[in-house]
Amino acid sequence: TLARDEKTNKKVKYEFPKDFWWGSASSAPQMEGASREDGKGMSIWDYWYEKEPERFFNGIGPDIATDFYHRYKEDVRMMKEIGHNSFRTSISWSRLIPNGVGKINSKAVDFYNDMIDELIANGIEPFINLFHFDMPLELQKIGGWENREVVDAYVEYAKTCFELFGDKVKIWFTYNEPIVPAEAGYLYGVHYPNIVDFKRAIQVAYNTIVAQAKAIKVFKELQIKNGKIGVILNLSPVYPRSNHPADVKAAKIADLFFNRSFLDPSVKGKFPRELVDLLREYNLLPYTEEEDKELIRDNKVDILGVNYYQPKRVKAKEHLPNPYSPIMPEWFFDYYEMPGRRMNIYRGWEIYEKGIYDLLKRLKDEYGNITCFVSENGMGVQDEERFLQNGIIQDDYRIEFIKGHLKWIHKAIMEGCNVKGYHLWTFIDNWSWTNAYKNRYGFISLDLKTRNRTMKKSAYWMKEVSKNNGFND
Ligand code: BGP
């Protein structure tokens, strides 16, 4: 455990390495707004909202979001105020290249140049992600990630970004949570294109990996000065219900699908043998091309972002699955609710701080201690206005949540894990996919009527933590 010093009951100092990245993360579609301004093309989100607004919480879409497109200067000022030395957002592919391929939108080039310059001028390192679930509509029309032409379009888009902004952006990411478009869009039917098909989901996942390898190859060829390229993965430690071999096997399969499917090719340059065998056994292998294997082997990431929210707790299936042919990963195992688990009751997610430590240790032991950082972690809260007092959201629960995770991250660092930073999800209460503004995550609260920004208590706390490069507790 990480209690106070047991003998003396004194506070313990948690000091982080020099130049630790303190900051937060967001994305273009969740912050920018201005979804039809200055020549932006449509992404699948703009389109889906126009077509089926009832799918979105309270009928709110991404069209205005936090209005970062117009207010980024104010936001960068606040980032600086709370001690950020780094901030992650993404480039909107459909803003930069409205049709997904071809003509570049010069207004978008100006916007991203200005925004990046503003961050740098304020001492905030821009971490730029190329893709956060926002496929340009025109490319979705030809099949999205299922189509190899879209793989090439992505590589072209990535190249354009490296060429345009590579002189000032040093830290790049190919994707945020690339498993999500595959599973949410093609397996569980909760993101556009709203399809439920295991085999197609696997093809989507596979093609994004191929696209990543090709983009990394281009990145290296361009020799972006001092540049690093990585990927941001949502990882969850998977804990079996018991040591019973059936439970352990169930957890292993869940881990293959949800962690190792992207982690292994990205960091080790190859897919896990066990996963390939499993897919083969059930006739789920994707279409591949001869040169893919070599490409993936030769183009691994330099850096890994870990998004961690909660663990997966898994047990063996109690009954033979029906139909008797896999329709989704959960065909192989069941989730279970561990008795006594701690919950974030405001979002319905488990809180298990040690999970981040287990992940980081695993990266050290099994993934060559790759340079990594916690790229998302955070606490969503519904109806957060109920904690408003004296004009400030008193989010002590969020401070406790962050602190709890930081302690375990600190321990991992002390034990040799190569962890470079911590980014909260998120800077400001932003728009979130179909959940819109249901769950608030920010250091800064957003007034949906005026788009005014106000620091929460956690923002004041974070300011001290980043200034002191740690905290006492
Ligand atoms: C992460 C995504 C973010 C964000 C967050 C919160 O997995 O990377 O984009 O949406 O989840 O999700 P929600 O608003 O559904 O609670």
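The values are calculated or read from the model by the stated rules, or taken from the named source; none is laboratory data. Predicted model, so just to flag it, every value in this text is computed and none were measured. As a convention, Cβ positions derive from the backbone with ideal geometry for all residues, glycine included, and neighbour counts pool all protein chains shown.
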In region 140-163, residue nearest to the chain's Cα centre (by Cα) [restricted to those that are among the acidic types (Asp, Glu) and under 18 Å from Val109 (Cα atoms)]: Glu156
Whichever residue in region 124-139 is in contact (Cβ under 8 Å) with a residue 60 or more places away in the chain and assigned to a loop (DSSP other than H, G, I, E, B) and, among such residues, is farthest from the chain's Cα centre (by Cα): Ile124
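Residues are listed down the side, and each one gets a yes or a no for (1) in a helix (DSSP H, G or I); (2) of a type in the set (A, V, I, L, M, F, W, C):
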site	(1), (2)
Val169	no, yes
Asn194	no, no
Ala205	yes, yes
Gln212	yes, no
Val218	yes, yes
Any chance Ile216 is under 19 Å from Pro126 (Cα atoms) and either buried (at least 23 other Cβ atoms within 10 Å of the Cβ) or within 16 Å of the ligand (Cβ to nearest atom) (or both): yes
Given (1) out of contact with any Asp or Glu (no Cβ under 9 Å at 6 or more places or on another chain); (2) over 19 Å from Phe165 (Cβ atoms); (3) surrounded by fewer than 17 Cβ atoms within 10 Å (Cβ to Cβ), number of the condition Ser106 does not satisfy: (2)
Enumeration of residues in region 364-375 that are surrounded by 23 or more Cβ atoms within 10 Å (Cβ to Cβ) and either closer than 15 Å to Glu415 by Cβ or not polar (S, T, N, Q) (or both): Cys372, Phe373, Val374
Neighbours by Cβ (under 7 Å, 6+ apart or cross-chain): first from region 380-394, in contact (Cβ under 8 Å) with a residue 60 or more places away in the chain and of a type in the set (A, V, I, L, M, F, W, C); second within 16 Å of the ligand (Cβ to nearest atom) and assigned to a strand (DSSP E or B): Val381/Asn439; Val381/Arg440; Ile393/Ser445
Filtered residues of region 325-358 (kept if among the hydroxyl-bearing types (Ser, Thr, Tyr) and part of a loop (DSSP other than H, G, I, E, B)): Ser325, Tyr336, Tyr346, Tyr352
Filter pass, Pro178 being within 16 Å of the ligand (Cβ to nearest atom) and in contact (Cβ under 8 Å) with a residue 40 or more places away in the chain: yes
Candidates Leu256, Leu278, Leu235 - the one that is of a type outside the set (Gly, Ala, Ser), closer than 18 Å to Ala182 by Cβ and touching a strand residue (DSSP E or B) at 6+ places or on another chain (Cβ under 9 Å): Leu235
Residue count, region 28-58 (criterion: more than 16 Å from the ligand (Cβ to nearest atom) and not acidic (Asp, Glu)): 10
Residue list for region 362-403, restricted to those being touching a Leu at 6+ places or on another chain (Cβ under 8 Å) and part of a helix (DSSP H, G or I): Leu363, Ile402
Pair list, Cβ < 9 Å and 6+ apart or interchain, from region 300-324 residues that are farther than 20 Å from Ile409 by Cβ and free of Cβ contacts under 8 Å to residues at least 24 places away in the same chain to residues that are assigned to a loop (DSSP other than H, G, I, E, B) and not aliphatic (A, V, I, L, M): Pro321/Phe332
Residue satisfying condition, being within 16 Å of the ligand (Cβ to nearest atom), surrounded by fewer than 17 Cβ atoms within 10 Å (Cβ to Cβ), among the β-branched types (Val, Ile, Thr) and modelled with pLDDT of 95 or more, within set Val196, Val231, Val190: Val190
Single residue of region 381-436 satisfying the filter (β-branched (Val, Ile, Thr) and away from the ligand (no atom under 16 Å from the Cβ)) that is farthest from Asn452 (Cα to Cα): Ile413
Selection count where residues are outside any loop (DSSP other than H, G, I, E, B), farther than 24 Å from Phe87 by Cβ and touching a helix residue (DSSP H, G or I) at 6+ places or on another chain (Cβ under 7 Å), scope region 299-320: 3
Selection from region 424-455 of residues that are among the charged types (D, E, K, R) and under 23 Å from the mean Cα position of the chain (by Cα): Asp429, Lys438, Arg440
